[in-house]
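The values are calculated or read from the model by the stated rules, or taken from the named source; none is laboratory data. Predicted, not measured: the structure shown is a model, and the values here were computed from it. Note that we place each Cβ from the backbone using ideal geometry, even for glycine, and neighbour counts take in every protein chain shown. What goes into the accessible areas is simple: the full protein's heavy atoms, side chains included, and nothing from ligands, DNA or RNA. Shrake-Rupley method; radii C 1.70, N 1.55, O 1.52, S 1.80 Å.
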Amino acid sequence: LNYKTIRTLTYERGVGFTKSCGSGAACASYISYLLHNTFNKVKVIQEEGELEVEIDNDIYLEGTSSFVKEVSFDV
């Protein structure tokens with residue numbers, strides 16, 4: 001969208017499209033930064049909300065989280 005904002009859509013094998021993905025946001029931000037399409041601090045817009053990503057020597061994610069589903073298995 002611009003040097004400070006990108007939009008992502010993540011597809012996970014076996015699951016399909018997801019509403020939000022921290023690792024996908026981090027990867028998309030890093031590649032976009034390496035290609036000089038964004039600054040080192042970027043807002044990532046996803047279906048479920050927004051994340052702030054900062055790239056330094058490490059990658060930092062900041063955003064809200066929400067409970068989606070509780071699952072239990074008998075083993």
Worksheet entry | Selection status of SER23, within 14 Å of ILE6 (Cβ to Cβ), among the hydroxyl-bearing types (Ser, Thr, Tyr), open to solvent by less than 90 Å² (accessible area, probe 1.4 Å) and under 11 Å from the mean Cα position of the chain (by Cα) | no
Discussion item. List pairs: first residue in region 37-56 and in contact (Cβ under 8 Å) with a residue 40 or more places away in the chain, second residue part of a loop (DSSP other than H, G, I, E, B) and open to solvent by less than 100 Å² (accessible area, probe 1.4 Å) anywhere in the structure, Cβ distance under 9 angstrom, at least six positions apart or on different chains.
Written reply: ILE45/THR8
Worksheet item: Inside region 26-39, can you point out the residues that are in a loop (DSSP other than H, G, I, E, B) and either of a type outside the set (S, T, N, Q) or touching a helix residue (DSSP H, G or I) at 6+ places or on another chain (Cβ under 6 Å) (or both)?
Response: LEU35, HIS36, THR38, PHE39
Worksheet item: Does TYR60 satisfy being of a type in the set (Ser, Thr, Tyr), part of a strand (DSSP E or B), modelled with pLDDT under 95 and more than 10 Å from the chain's Cα centre (by Cα)?
Response: no
